[in-house]
Amino acid sequence: MKGVLALVALVGCKAAPPPTVSNHASTESGFVAGPNCIVQGRVTDAATRESLAGATLVAEGGPGKEDIAISDENGAFSIKLTGAHEKLTIYYNDGQGSRPLHGCGERIEVKVRQQSSGPVIVW
């Protein structure tokens, strides 16, 4: 009889739903984009609007490893987050800039302004 009860209990269990692109949480510092979220966007020159390839984008600020993407020849990037992250940092030539992540599915337009002192990242 005990074996039958155990079998019924196992059949009645449901697996947790898989993470989706709507995973995010709020913290005191703002939103945290969670695992399996996708953050994507484009990197362009602020003055000419030309696509900028080779920018390094790093999702960071949470437990675990950072998630990294490089902008392609169209300036496009897409990062599938493997952990919870609070901010996105971009590195291009000698310039860098950071901004908070506001949740899953966010589309980010990054503009790089070229100045005599080096590139400046504007969001």
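The values are calculated or read from the model by the stated rules, or taken from the named source; none is laboratory data. This is a predicted model, so every value here is computed, not measured. Every residue, glycine as well, gets a Cβ built from its backbone with ideal geometry; the counts of neighbours run over all protein chains shown.
Within segment 69-82, can you find the residues that are modelled with pLDDT under 95 and surrounded by fewer than 19 Cβ atoms within 10 Å (Cβ to Cβ)?
Once the filter is applied, which keeps residues that are modelled with pLDDT under 95 and surrounded by fewer than 19 Cβ atoms within 10 Å (Cβ to Cβ), segment 69-82 yields LYS80, THR82.
Among the hydroxyl-bearing types (Ser, Thr, Tyr), touching an Asp or Glu at 6+ places or on another chain (Cβ under 8 Å) and modelled with pLDDT under 90: does that describe THR89? Working first, answer last.
Values: among the hydroxyl-bearing types (Ser, Thr, Tyr): yes; touching an Asp or Glu at 6+ places or on another chain (Cβ under 8 Å): yes; modelled with pLDDT under 90: no.
Criteria not met by THR89.
For the list (1) at positive phi; (2) under 9 Å from the mean Cα position of the chain (by Cα); (3) not aromatic (Phe, Trp, Tyr), I need the number of the one condition that GLY54 fails.
(2)
Give me the residue from segment 92-110 that is on the phi < 0 side of the Ramachandran plot and more than 17 Å from the chain's Cα centre (by Cα) and, out of that set, modelled with the highest pLDDT.
Applying the filter and picking the extreme gives TYR92.
Could you grab me the full set of residues in segment 45-91 that are closer than 20 Å to HIS102 by Cβ and of a type in the set (Val, Ile, Thr)?
VAL58, ILE68, ILE79, THR82, THR89, ILE90
For segment 82-122, enumerate the residues that are touching a residue at least 40 places away in the same chain (Cβ under 8 Å), among the polar types (S, T, N, Q) and closer than 25 Å to GLY34 by Cβ. I'd like the intermediate steps shown before the answer.
Kept after step one, since they are touching a residue at least 40 places away in the same chain (Cβ under 8 Å), are these residues of segment 82-122: 82-86, 88, 90, 92, 100-114, 122.
Still in the running and among the polar types (S, T, N, Q): 82, 114.
Across segment 82-122, the qualifying residue is only THR82.
Consider GLY64 carefully, then state whether it is over 13 Å from the mean Cα position of the chain (by Cα), at positive phi and either among the hydrophobic types (A, V, I, L, M, F, W, C) or surrounded by 15 or more Cβ atoms within 10 Å (Cβ to Cβ) (or both). Working first, answer last.
Numbers: over 13 Å from the mean Cα position of the chain (by Cα): yes; at positive phi: yes; either among the hydrophobic types (A, V, I, L, M, F, W, C) or surrounded by 15 or more Cβ atoms within 10 Å (Cβ to Cβ) (or both): no.
Criteria not met by GLY64.
Please name all residue pairs, on different chains or six or more residues apart, with Cβ atoms under 8 Å, provided the first residue is in segment 31-54 and is under 13 Å from ILE121 (Cα atoms) and modelled with pLDDT of 95 or more and the second residue is surrounded by 15 or more Cβ atoms within 10 Å (Cβ to Cβ) and of a type in the set (Asp, Glu).
The qualifying pairs are LEU52/ASP45.
In the list ALA59, ALA76, which residue meets the criterion of being in contact with a His (Cβ under 6 Å, 6 or more places away or on another chain) and not polar (S, T, N, Q)?
ALA59
Output the number of residues of segment 55-78 satisfying the condition of being part of a loop (DSSP other than H, G, I, E, B) and farther than 16 Å from VAL120 by Cβ.
Initial filter on segment 55-78 (part of a loop (DSSP other than H, G, I, E, B)): 55, 61-66, 71-75.
The next check asks that each one be farther than 16 Å from VAL120 by Cβ; those that pass are 61-66, 71-75.
Final tally of qualifying residues: 11.
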